[in-house]
1. Return the residues of region 337-353 that are touching a residue at least 12 places away in the same chain (Cβ under 8 Å) and acidic (Asp, Glu); say none if nothing qualifies.
2. For PRO158, which of the numbered conditions (1) touching a Leu at 6+ places or on another chain (Cβ under 7 Å); (2) closer than 22 Å to GLN133 by Cβ fails to hold?
3. Scan region 314-331 and tell me whether some residue there is closer than 29 Å to GLU247 by Cβ and either among the acidic types (Asp, Glu) or modelled with pLDDT under 95 (or both).
4. Go through region 169-189 and count every residue that is assigned to a loop (DSSP other than H, G, I, E, B) and out of contact with any Asp or Glu (no Cβ under 9 Å at 6 or more places or on another chain).
5. Can you confirm whether LEU221 is assigned by TED's automatic domain parsing to the domain that holds GLU195 and in contact with a helix residue (DSSP H, G or I) (Cβ under 6 Å, 6 or more places away or on another chain)?
6. Restricting to region 285-335, and then to whatever is of a type in the set (Val, Ile, Thr) and not in a loop (DSSP other than H, G, I, E, B), can you tell me which residue is surrounded by the fewest Cβ atoms within 10 Å (Cβ to Cβ)?
Amino acid sequence: MKRMDRLSLAGIAFALCFSLVAGLAGIAVSKEKEKAEDSARKYGLGQVVAERLLDAYGLLEEEKYDEALAIIDGLAKRRRLKDPERAQIHRFRAYIHVSREQNDLAIAEFEKSLALHAMEPAAEQVMLYSMAQIYTGEGQFDRALDVIDRWFAAEENPKADAWFLKAMILVQQEKFAEAAAPVSRAIELSPQPKESWLTLYGVVFSQLKDYAKVEVALERLVELAPGKPQYWVQLAAVQHHLGQDDEALATMQIARQAGLIQGDKEIRQLASLLFLRQQPFECAKVMEQSMAAGQVQADAEAYRLLSSCFVAARESEKALAPLAKGGELAADGDMYVMLGQMYLQREEHGPAIEALENALAKARPEQRGSIHLMLGIAKLGDEQLDAAEQSFKMAVDDAKAGRAAESYLKFLESKRSLAAQPRLASSATGG
C-alpha cells in the first residue's frame, strides 16, 4: 500500500492536536487568566506548560515545525514535570513528527505517552487510533491490527470509520473472512457509504465468493458513481455469474447507451451477452461496428465471435469471411474446420478442400481423423476419386471417423465398379 500522503498525515496531526488543547484554545481567544487556569487544570497541566503547548500548537498550524519542536523540547527539560505534562509533551512531539512524515519517531513518542497512563482514556484512544492509521499508511499491517484491536477493546461505540480501517488492515493481510464483519458494520453504520468503502466490501465478498453481496455493492457503486464504466462492467459480470443474464445484458446496454462501454474487453462482453440471450443480429452488429471503428481488435477471437453471431442469425453467407480471417489468425484449426463444413453444406467442394487442408495444418492429433474424413468427402464431391481414397484411408484408424471412412471406401469401390461396367461390356462385344 502507498504511504499516506503528506496532506493526509498533516490533517490527522492538526485535527488530533486540536483535541489536545481544545480546552486551552480559550486562552488565546479570551486572554482571561481564570479561563486559562481552568483549562490547564482540566488536562492536569501547569499554567506555564499549558501556555507553551498552546504556543507550539500555533506554530504547528503554521507549519513551523522546528520552532514548535524547540518549545516542546524546552518544556521537556523542565524539572518536576508531572506525569500528565510528560504525557502531553510526548503526545505533542508525536504529532509534530507526523506532520514531518517522521512516522517512526512519532510512534515512539506515542508509546512513551501511553506508557505513562496519565491521560484521560479518550485521549489515549485518540493516540491509539492515530498509531493504527500510521502503521496502515506505512504498510505495517500486523502492528496496525494489534493497535486497532487495542483501540476496539476500550471503545464503547466504534464509529463506521474505525470499522472500515480494521477491515482495510485485514484485507491487506488477506484475512478476508475476518474482514467481512467489520466492513459490513462500516457499511451498516454509514447512511451514505463512501465509494472506497463499497469497493472494499465488494473485494471482501468477491474473495469469499459471496457474489450476491458483491452484486449489492456494485449496484450501490453504479448509483454513487454512474460515470465509471468499471462498475457497470463488473456488475454485469457478477449478474451473469449469478445466472441473471437478462439483468446483465440490461446493465451493459444501459452503459453502452450512456457511452461508457468503449473498451475492447467490455464490448466483447456485451456482444457475448447478446449472443447468449439469443440476440445474434445485435451481437453481430456490435462486433462489426466496433471492429470497423477500431474499438475491438480484429483478432482470432473477435472473428470467432462475429462468425458465431452470423451463424446463429442464419446468415451463413456473412459468416464465411470472418471464419476465413479468424482461421488464418488462430493458433488452432477450429475455424477452418467450421468453414470447411459450411462449404460442404453449400456443396462448394473446392473452397471446402482449401479450408480443410488449412485446418489439417493446424489440427490437434485427435482432430486429424475427422478432418481427413471431411476432406475425403469434399474431394469425392469434386470427383477427385484417388485423392478422396487417400484421405479416407488416413481416417480409417481413427476411433471416431474410422467406421465412416470404411463406408466411404466401400462406396468408392462400388462407384468405380459401376463406372467400369460399360467399358467391360463394350470390350466383350468388340465395341
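1. GLU347
2. Condition (1) is where PRO158 drops out.
3. yes
4. So the count comes out to 2.
5. Spelling it out, LEU221 is indeed assigned by TED's automatic domain parsing to the domain that holds GLU195 and in contact with a helix residue (DSSP H, G or I) (Cβ under 6 Å, 6 or more places away or on another chain).
6. Checked region 285-335; the qualifying residue surrounded by the fewest Cβ atoms within 10 Å (Cβ to Cβ) is VAL311.
So that you can scan it fast, the table gives a plain yes or no per residue for (1) in a loop (DSSP other than H, G, I, E, B); (2) surrounded by 14 or more Cβ atoms within 10 Å (Cβ to Cβ); (3) modelled with pLDDT of 85 or more:
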| residue | (1), (2), (3) |
| --- | --- |
| MET4 | yes, yes, no |
| LEU9 | no, yes, no |
| LEU16 | no, yes, no |
| SER19 | no, no, no |
| ALA22 | yes, no, no |
| ALA28 | no, yes, no |
| GLU34 | no, no, no |
| ALA40 | no, yes, no |
| LEU45 | yes, yes, no |
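Yes or no, residue by residue, for (1) touching a strand residue (DSSP E or B) at 6+ places or on another chain (Cβ under 6 Å); (2) closer than 24 Å to GLU63 by Cα; (3) of a type outside the set (D, E, K, R):
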| site | (1), (2), (3) |
| --- | --- |
| PHE92 | no, yes, yes |
| ASN103 | no, yes, yes |
| MET127 | no, yes, yes |
| ALA132 | no, yes, yes |
| PHE152 | no, no, yes |
| LYS159 | no, no, no |
| PHE164 | no, no, yes |
| ILE169 | no, no, yes |
| PHE176 | no, no, yes |
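The values are calculated or read from the model by the stated rules, or taken from the named source; none is laboratory data. Predicted model, so just to flag it, every value in this text is computed and none were measured. Using ideal geometry, Cβ is built from the backbone for each residue, glycine included, and neighbour counts are taken over all protein chains shown.
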